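Read the structure below first, then the notes.
The values are calculated or read from the model by the stated rules, or taken from the named source; none is laboratory data. Values in this document were obtained by computation on a predicted structure and should not be read as measured data. For neighbour counting, all protein chains shown are included, and Cβ atoms are generated from backbone atoms with ideal geometry for every residue, glycine included. The accessibility values were calculated without ligands, DNA or RNA, using every heavy atom of the protein model including side chains. Shrake-Rupley method; radii C 1.70, N 1.55, O 1.52, S 1.80 Å.
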Amino acid sequence: MKIAVIGYSGAGKSTLARTLGEKYGLEVLHMDAVHHLPGWVERDAESEKAILTEFLDTHENWVIDGNYSGVCFQRRVEEADLVVMLLFNRIASLTRVVKRYWTYKGKNRPDMAQGCDEKLDGEFIRWVLWDGRSGRKREYYRRLQAQYPGKTVVLKTQGQIDRFLRTLEKKPLL
């Protein structure tokens, strides 16, 4: 089983990926950890691509969370048996980001590279509320849904995530 979890910042991609990985015994790769070196330094594109390519080439089953459209994104969604899109509204995403900040303030989240302590600044808030939700991005998600209708699930609320996970308990993916 291969699962790609994509969507807006703050919607819970990493948490859902971790949950699915634990439930099905799948290796989980968090794209944020691939993208960032300690201290929030961005890894160069070639290194990111090499890490992801090796992961995809060496794992039959996986969960990968994150967008990073320039890093083997098309391959990830094509190979995925399931594409889960978390498309929460702006306020829900911001609320989750603030909650995450208070939970991990000054600490390293499990899905981030070591040395990337949780932070919250104006630039990231702007990304969550506006820049990460451009019309182009929304249209891209719509096209993906149309391109892969049989394997795409769109979840827009925590209640929908909870129902999705309960459904999996009754009808496993594997």
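For the cross-link pairs Lys49/Lys105; Lys13/Lys170; Lys107/Lys170; Lys107/Lys171; Lys49/Lys137; Lys105/Lys170, the ones whose C-alpha atoms lie over 32 Å apart are Lys107/Lys170; Lys107/Lys171; Lys105/Lys170.
Computed over all pairs of different Cα atoms, the Kirkwood value for the hydrodynamic radius of the range 114-174 is 14.7 Å. Of all aspartates and glutamates in the structure, the ones whose alpha carbon falls short of 14 Å from that of Lys151, not counting any fewer than 8 places away in one chain, are Glu78, Glu79, Asp81.
The distance between label points at Thr103 and Lys23 comes to 1.7 nm (points 7 Å beyond Cα on the Cα→Cβ vector).
Note on Lys99: aspartates and glutamates with a C-alpha under 19 Å away, same-chain residues under 8 apart excluded, are Asp32, Asp111, Asp117, Glu118, Asp121, Glu123, Asp162. Between Val71, Val63, Val98, the residue with the greatest mean-square fluctuation in the GNM of the chain (Cα pairs under 10 Å linked by springs) is Val98.
Taking chymotrypsin sites (Phe, Trp or Tyr not before Pro) as exposed when their DSSP state is a loop state and no more than 14 other Cβ atoms lie within 10 Å, the longest site-free interval of the chain runs over 41-129. Here the accessible area of the chain is 51 percent carbon and sulfur, with a 1.4 angstrom probe and all protein chains present.
Scattering from the C-alpha atoms of the range 73-174 alone, worked out with Debye: what is log10 I(q)/I(0) at q = 0.11, 0.12, 0.23, 0.25 1/Å? So the normalised log intensities are -0.46, -0.55, -1.26, -1.27. Computed per residue of the chain from DSSP H runs no shorter than four, each worth -39500 (n - 2.57), the mean residue ellipticity at 222 nm is -15000 deg cm²/dmol.
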